[in-house]
Amino acid sequence: MLRIFPKLLLSLSALLLLVTAGWGNPLWASPAANGQSESSPAASIQAKALNKEVEQLYRHVEEGNVQAVLEDIRRVSGLFEASSFQGLTGVEGIHALAESILEMKEATARATQEPQHWMVSAGKLRMAADSLIHARDALWLQYYKVIREDLRVMGQYAQQQDQAGMRRAYDSLSEHYELIRPSVVIQRKPEDVNMMESWISYAGGLVASGDTAQVEKVVPQGEEMMNMLFGKKKDEPALAPLGEVKEPWTWQLVIAAFILAALTFAGYRKYRGQLYSAKSMFPRK
């Protein structure tokens, strides 16, 4: 129960940021929601400017430069307050973006004590800002294979009646979804997000109770819902065939970079600090 209060305070703070920033007039009255109508040229320019600042912020977090990040956050907050993003996302998406900015502020205040959380917050904000300007090839979409693997492992442990392994797999799934959640809310319809999160909550209850039989039954449903969320067809491969990709060499480099990051994390995490081990969680674009 105590873990709910920080999220509630963060949500209330984000709502206050929206109100004081003057978001009400064009956006709240707009029928646009998560890309359902065309965005204005000004909104696209503002989103690109925000994304550029967030990319710089992320690089400074990688370098461990707290002072530079504080300056970056000031600029990011200023851009957010002065922008509309009308037509790029709905009210829910704007609220999720505001929460990500506030979470980044709080994480920076505790950067030296919790460097891994600092890096996670930076990655979450980076993907959220990126999702405003990339509808088809956003960074968060690269997590499809990762999350599908979490589901596969969870189902496998459930089949083996391994409750401990099942819980670890579910925790991994929850952590990965939490990373991409702001981006999901920005790009997907509220009803689709609610449906996915209801399933995650329900599955979490089954996992906590140790009901391996029921978990095994609901995993296929979760896989179908993830396919829908990521815009995949049923049973579609996690990675498209190279012949269907317009820039195959670029895609191969992305895959290679992901694998290299994973190997680096596995080989050196004993010798590197929490800050550097957390970098491998975020695919580069």
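The values are calculated or read from the model by the stated rules, or taken from the named source; none is laboratory data. Predicted, not measured: the structure shown is a model, and the values here were computed from it. Backbone-built Cβ (ideal geometry, glycine too); neighbour counts: all protein chains shown. Each accessible area value is taken on the protein alone, full model and side chains, heavy atoms only, with ligands, DNA and RNA left out. Shrake-Rupley method; radii C 1.70, N 1.55, O 1.52, S 1.80 Å.
The table for this structure:
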| read-out | value |
| --- | --- |
| Thr89 long-range amide H proximity, modeled H, under 5 Å | Asn34, Gly35 |
| Accessible surface, the range 69-175, averaged per residue in Å² (probe 1.4 Å) | 40 Å² |
| Cross-link pairs beyond the 25 Å C-alpha cut-off, checked among Lys105/Lys232; Lys189/Lys232; Lys52/Lys232; Lys48/Lys124 | Lys105/Lys232; Lys52/Lys232 |
| Positive minus negative residues near Ala169 (Lys, Arg vs Asp, Glu; Cβ under 10 Å) | -1 |
| With every protein chain in place, the range 112-200: carbon and sulfur % of accessible area (1.4 Å) | 44 percent |
| Shape call, the range 36-85: gyration tensor on alpha carbons, a/c limit 1.5 | prolate |
| Per-residue SASA entry for Arg74, accessible area with 1.4 Å probe, Å² rounded to 10 | 140 Å² |
| Glu53, Glu149, ranked by accessible area, largest first (probe 1.4 Å) | Glu149, Glu53 |
| By accessible area with a 1.4 Å probe, ligands and nucleic acids excluded, highest first: order of Thr89, Thr112 | Thr112, Thr89 |
